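Chemist: Submitted below is the structure of interest, expressed as structure tokens.
Every number here is computed from the coordinates shown, using simple stated rules; none is lab data. Since the model is a prediction, treat every value here as computed from it, not as a measurement. Cβ placement follows ideal geometry from the backbone for every residue including glycine, while neighbour counts extend to all protein chains displayed.
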Amino acid sequence: MKKTLTGILLFLCTPFLHAQLSEDPPKDCRYCEAWNQTQEPYHVYGNTWYVGTAGLASVLVSTEEGLILLDGALSQSAGQIERNIRKLGFDPRQIKYLLNSHAHYDHAGGLNALQKLSQAQVLASADSVGVLSSGELSPEDPQYGFGSEHNRFPAVSNVSEVADGGTVKLGEVTLTAHYTPGHTPGGTTWTWQSCEDGRCLDVVYADSLSAVSAEGFRVTDPSRTPTVAEQITASAQLVRELDCDVLLAPHPFLFQMPDKLEAMASDPGTNPFIDPAACDAYATFFDDWLVRRLEEEAAEDSMVSDCEPAGDYSFMCGLKSAEDLVLVPGTKWIIASGFAEGGFYLIDSEQKTFGSLRTSDEPGASQDMERFGACPGSPDTDQLIMHGLNIRPGEKGHSTLYAVAHGARESIEVFDVDASGERPALTWKGCILTPDAQEANSVASLADGSLLVTIPLHTGIEISEALAGKLTGQVYRWAPGDSGMTPVQGTEMPYANGIEVSADGKEFYVASSGLFTVTAFSNTNPARVLRRTDTLVFVPDNLHMSRDGKLVTAGLHVEDDACGRVLQSEEFKLEAFASCPRPFTVWSIDPQTMQGEALASGPANPNFSNITMGLEVGGELWIGTFAGDRVAYRTMNR
Ligand SMILES: [Zn+2]
Ligand SMILES: [Zn+2]
């Protein structure tokens, strides 16, 4: 209201000086406010001036015969652009031509108001004429899928076509249109010469060349010829090869405007906008963007197309690094730890479907202060990376889930799982922080509520030292009410990994990924090693008790023709190990004798490696991985 009043007053005071600009309704968008921050207009070079906002460019070219304006930013930027033009001493009614980089609301939104004010002719590429005239994107636009409400901008009058290579002449200045599609079908890069004291430089107003796009849009979509990826490559090459002394672009960060303005302020004698290498760097910036985008689309392709069964194994795809799996007691539901931010997955083992599983309660409302009083409060589960899991049945369809967590904090997070309803529900109960924020690996629970936790590598110790046989980690113990975990003397070993307890709680078992063994300890006297398996042919990872009282572990083969031997030396690199697909074995161990037999094994599969565990559910064996996009399942052959 106040604004309108001021406008009226201004109008009354200066009725004959100039026609008033009438802004279209403001666009509401995520970055609109930030983009529309005010910016002092400034002189770029010769007849070239910046009159845009802090976040969206608008470029003025002054000639003997009038003005040319490139881009109108947002609808709510029009007034600012008009004022900036006046500040520089020009009259916006003298704009003869309005040009556009591309027809999106953040560069074309202010054009209608500026056109109405100046009655200028608007010139646009063949593909942009219709978009500008209607304010609606064409279905070919990568952002079309965001929807009309999001994309729409005020329709512009008096738009005509300029051909690729076509020119716009006004006074002594000629601007050339170069079609540079990719970001939009009609994207246009404009070039002209600006002269100062007889020195004429080539100015390039280069359009955006990334394909920011709606869900499902693919730059490699083969139904388009050329593909958007091919358009971007060609457009970037075109910009690279332009005569280019001064680079400007629709988004100021793309030509480092803040840095250049700062440089200009600190040394007014120089002009940092003069940079003959800028167009080359601009093209490289978008080439790099395209490389990343192509990698993403290729990864999507491999995920979708290779989810077919392989040999005895079927796959459930789309779970990010489901490292550990536990069965919710008495149900068909499997909880998987997404070894990625965002909590857990819940798998329906019968329907072969999955979804995410998150806590439903009010944060902090449910902390069990008696058991977990030392826990500093409920976590942001979106910031946690869940690792080893353990589940212990309770009463009335409830059980307790213990999860090793990384990320936001290094801890064991404890949850109540209520499986009495249709779908298990998770309520956070508390946590136990690891000593000195060391990274835990696995957790086992005892009937009295106490826990045994493995820390594979004490702080600062490399995994290669574990594979060289050094005692790099050990088991820690915690009991309800304890303020923290304490080390269990006698359990020091190379890379203490999976851990499990016997049904009576008298023994516990630990897999060592450095020794390739599983060791049985006495819970009352852990310094005494009870039994140990022979050296296994694979690197044992997680360890769980199956319903028949056997210990189940799994891992990748130590020896492999293609990948070589897992190096038990300083040279071991986890990334190299994880990136070479190896055969795997799921192994069942009789805890009385520590003798074992294979439950399953599989050949190297580039789509499914880094196997960590096996879980029997119904008549099936489910298998997890610490680096992959799926879990596997197969019929048990016994
Ligand atoms: Zn855009
Ligand atoms: Zn933009």
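Chemist: How far is the Cα center of the range 97-156 from the Cα center of the range 279-296, in Å?
Modeler: 26
Chemist: Oh, and also: I want the local charge near residue 437. Using Cβ-Cβ distances under 14 Å, sum +1 for each Lys or Arg and -1 for each Asp or Glu among the other residues.
Modeler: Taking every other residue near residue 437 into account, the sum is -2.
Chemist: Report, as a whole number in µm² per second, the diffusion coefficient that Stokes-Einstein gives for the range 410-470 at 4 °C and 1.567 mPa s using the Kirkwood radius over alpha carbon pairs.
Modeler: Taking Rh from Cα pairs, D becomes 93 µm²/s.
Chemist: log₁₀ I(q)/I(0) of the range 363-409 at q = 0.20, 0.22 Å⁻¹, via Debye over equal Cα point scatterers, no solvent, to two decimals?
Modeler: Log10 of I(q)/I(0), two decimals: -0.86, -1.00.
Chemist: Compute log10 of I(q)/I(0) for the range 84-144 with the Debye formula, placing one identical point scatterer on every Cα and leaving out solvent, at q = 0.18, 0.19, 0.29 Å⁻¹, to two decimals.
Modeler: -0.65, -0.71, -1.29
Chemist: For the range 22-301, how big is the tail of P(r) above 25 Å, as a whole percent of Cα pairs?
Modeler: Of all Cα-Cα pairs in the range 22-301, 42 percent lie more than 25 Å apart.
Chemist: Another question, if that's okay. Given contacts defined as C-alpha pairs under 8 Å and at least six residues apart, what's the relative contact order of the chain, whole-number percent?
Modeler: This gives 7 percent for the chain.
Chemist: While we're looking at this one, here's another question. Report the semi-axes of the equivalent ellipsoid for the chain in whole Å, largest first, where each axis is √(5λ) for an eigenvalue λ of the Cα gyration tensor.
Modeler: One finds semi-axes of 64, 26, 23 Å for the chain.
Chemist: What net charge do the residues around residue 605 carry, taking every other residue with its C-beta under 14 Å from that of residue 605, with Lys and Arg at +1 and Asp and Glu at -1?
Modeler: Its environment carries a net charge of -2.
Chemist: Kindly give the semi-axes, whole Å and largest first, of the ellipsoid equivalent to the range 204-284, taking each as the square root of 5 times a Cα gyration tensor eigenvalue.
Modeler: So the equivalent ellipsoid measures 31, 14, 7 Å along its semi-axes.
Chemist: Return 77, 546, 62 ranked ascending by Cβ neighbour count within 10 Å, so the fewest neighbours appear first.
Modeler: Neighbour counts put them in this order, fewest first: 546, 62, 77.
Chemist: Shifting gears a bit: Alpha carbons only, please: Rg and Dmax for the range 314-635, in angstrom.
Modeler: Values for the range 314-635 (Cα only, Rg and Dmax): 18.1, 54 Å.
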